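The values are calculated or read from the model by the stated rules, or taken from the named source; none is laboratory data. Source: prediction; values computed, not measured. Cβ placement follows ideal geometry from the backbone for every residue including glycine, while neighbour counts extend to all protein chains displayed. Just so you know, the surface numbers come from the protein's heavy atoms only, side chains and all, with ligands and any DNA or RNA stripped out. Shrake-Rupley method; radii C 1.70, N 1.55, O 1.52, S 1.80 Å.
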Amino acid sequence: MTPATRLALAATVPLLLIIAGITAAILCLCDGRLIYSLDDPYISLALADQIAQGHYGINAGEPSSPASSILYPFLLAVFAWAPWREWAPLLLNTAAALTTAAILAREAVRLRLVQDRRQIPAAAGLIVVLCLSLNIVGLVFIGLEHSLHVLTAAYVILGLARALDSRRVPPALVATIVLLPLWRFEGLAEAGLALLALAAAGYWRPAATAATAIAVALAAYVGGMTALGLPPLPSSVLVKSDIAQAGGLAALWHGLRGHLTASLANPEAHPAFLLLGLIAARPLSRRFAQTGRRDWLVAGVGAGTLAAHILFGAWGWFARYEAYALAAGAAAAIVLWREPLAAFLARPRPIPVAAAAIALLLIGRTYVLAEVATPVASLGIYEQQYQMHRFAAEFYRRPVGVNDLGWVGYRNPNYVLDLWGLGSEQARTLRANAAGDPQWLGRLVAAHGVGLVMIFDDWFPGQVPAAWRRVAALKAAHRLTSPFDTVSFYVTSPEAAPEALAALRAFSRDLAPGTTVTIRDPTNFVAGDPQSD
């Protein structure tokens with residue numbers, strides 16, 4: 001067994017055990033169901049089910065682009081036939097997380113950070129701690145494409161360093177660069193920087209091949225969306241990104257300044273600034289003549305990826321948005337600081353190694369805490385969004401309106417109107433212009449024949465029609481990743497009230513232990529304040 005294989009096994013086995021332990025905790029807390037820590041992966045799963053049937057959207061016959069990833073829903077569609085398809089994101093992301101750790105182990109041996117069998121325990125421990133500090137385990141249970149994005153982001157940096165050392169660009173590196181923007185649009189920054197690095201090193205043909213493939217893939221996606229009558233970017237990007245919504249250079253400049261200011265003030269962004277400093281410091285710590293072309297190019301791609309996210313990207317939402325940039329930055333730092341790291345691991349001693357591990361955990365404490373809290377986050381989704389799904393699909397069985405699309409739209413044969421706009425382009429455009437059209441919500445719901453809506457009141461201030469009546473509230477005992485612990489149920493007409501109330505009464509007798517439903521049963525449906533009894 002080679003040293004690289006030994007180190008890879010020593011790093012991946014503990015991570016696999018941690019993932020298995022978190023999975024077991026989720027199953028215990030959620031009555032034997034695998035529940036992801038966010039509601040969003042169920043959007044991708046619902047879209048994948050429709051893709052498998054030849055349709056792109058959440059509701060049959062209504063095109064929409066609710067997923068932030070071009071490729072991920074198509075990958076999930078491969079498993080749409082399987083009764084265990086809800087486990088597909090966990091299996092794919094587990095494989096991606098373990099592969100990321102294995103690649104780090106392989107590169108540690110190639111960079112001669114590990115040269116002796118006695119160094120393997122310390123090196124493996126630090127790789128495991130680094131993965132935990134980058135939220136690589138937590139991303140597995142988010143259930144989206146982030147684990148795959150982290151894998152490709154780290155591989156491109158390490159593969160670029162390897163290619164520059166060997167003076168050969170393998171097809172795998174070209175393919176991985178192409179994958180970056182197909183997992184998430186943020187990957188365009190690292191892909192573009194990697195292509196520039198290859199071109200600067202004289203590898204014009206691989207760079208041109210990857211650039212052409214990216215252009216063709218993006219053009220095919222935009223062409224497909226346009227043919228469906230949808231905007232070029234996904235609704236999720238247009239709804240969540242203020243940069244995507246910016247109009248004109250002045251608005252763009254204002255958005256960039258806002259992002260930079262917010263990043264500087266956000267503790268979750270501090271690891272990105274630290275990595276940026278580490279990457280910049282290494283070439284500057286030497287004489288310019290002593291810094292090889294490989295190091296300059298790797299530093300440029302790693303630092304550029306971090307800087308692009310600081311200026312354009314988002315933070316938070318259970319520490320998922322920035323993970324790819326941190327992975328790319330960490331990979332670049334390892335390559336650039338290989339000599340000091342090799343000296344540190346040459347004679348690994350328990351106290352210095354433990355101190356380094358603790359330092360990594362403290363730097364990535366936001367991400368470590370997210371991983372520790374993952375089972376409780378999944379419990380919160382089970383108590384709120386999954387129970388909403390059960391009510392809509394098993395008890396009410398009629399069209400509903402929601403502002404949290406995931407679970408309610410997944411495996412629900414009835415129409416689901418997404419009032420936030422991810423699964424409805426009409427709702428997205430109307431909500432974007434809500435300031436000039438305060439009646440949009442009532443008009444949209446009436447047009448789709450929706451008799452009951454389930455929303456967060458604070459997301460629609462002053463927009464709930466006076467003719468609606470708040471007949472129930474669902475409250476979850478544990479809330480970590482949902483914006484609010486309480487969901488309001490509104491009936492939109494007197495005719496809808498009897499069926500909605502009957503379904504709510506039946507539903508209230510069959511709830512998860514941490515979920516409560518308070519029903520308001522008006523004897524007469526009257527117009528007025530929808531919050532009143």
Take R112 and decide whether it is modelled with pLDDT under 95, closer than 24 Å to V13 by Cα, open to solvent by 30 Å² or more (accessible area, probe 1.4 Å) and not in a helix (DSSP H, G or I).
yes
Which one of A356, A370 is under 23 Å from H270 (Cα atoms), surrounded by 24 or more Cβ atoms within 10 Å (Cβ to Cβ) and touching a residue at least 60 places away in the same chain (Cβ under 8 Å)?
A370
Tell me which residues, restricted to the stretch 480-516, are in a strand (DSSP E or B) and closer than 28 Å to A447 by Cβ.
T486, V487, S488, F489, Y490, V491
Tell me which residues, restricted to the stretch 66-85, are of a type outside the set (A, V, I, L, M, F, W, C) and either open to solvent by less than 20 Å² (accessible area, probe 1.4 Å) or in a loop (DSSP other than H, G, I, E, B) (or both).
P66, S68, S69, Y72, P73, P83
When you check L379 against the structure, is it over 18 Å from the mean Cα position of the chain (by Cα), open to solvent by less than 10 Å² (accessible area, probe 1.4 Å) and of a type outside the set (F, W, Y), yes or no?
no
Selection status of L92, in a helix (DSSP H, G or I) and not polar (S, T, N, Q)
yes
Total residues in the stretch 407-423, condition under 12 Å from F391 (Cα atoms) and aliphatic (A, V, I, L, M)
1
What is the residue count in the stretch 41-65 for residues that are part of a loop (DSSP other than H, G, I, E, B) and open to solvent by less than 30 Å² (accessible area, probe 1.4 Å)?
5
Select from the stretch 405-462 the residues that are of a type in the set (S, T, Y) and not in a helix (DSSP H, G or I) and write down the one among them that is nearest to W84 (Cα to Cα).
Y410
Within the stretch 414-436, the count of residues that are open to solvent by 10 Å² or more (accessible area, probe 1.4 Å) and over 20 Å from Y56 (Cβ atoms) comes to 7
Return the residues of the stretch 8-50 that are on the phi > 0 side of the Ramachandran plot and free of Cβ contacts under 8 Å to residues at least 12 places away in the same chain; say none if nothing qualifies.
G32
Scan the stretch 437-448 for residues that are open to solvent by 10 Å² or more (accessible area, probe 1.4 Å) and either touching a residue at least 60 places away in the same chain (Cβ under 8 Å) or of a type in the set (A, V, I, L, M, F, W, C) (or both) and report the count.
2
For the stretch 503-518: of the residues being farther than 20 Å from R470 by Cα and surrounded by fewer than 14 Cβ atoms within 10 Å (Cβ to Cβ), which is nearest to the chain's Cα centre (by Cα)?
P513
Top-ranked residue of the stretch 449-459 - restricted to ones that are crowded, with 19+ Cβ neighbours inside 10 Å and not β-branched (V, I, T), ranked as nearest to L38 (Cα to Cα)
M454
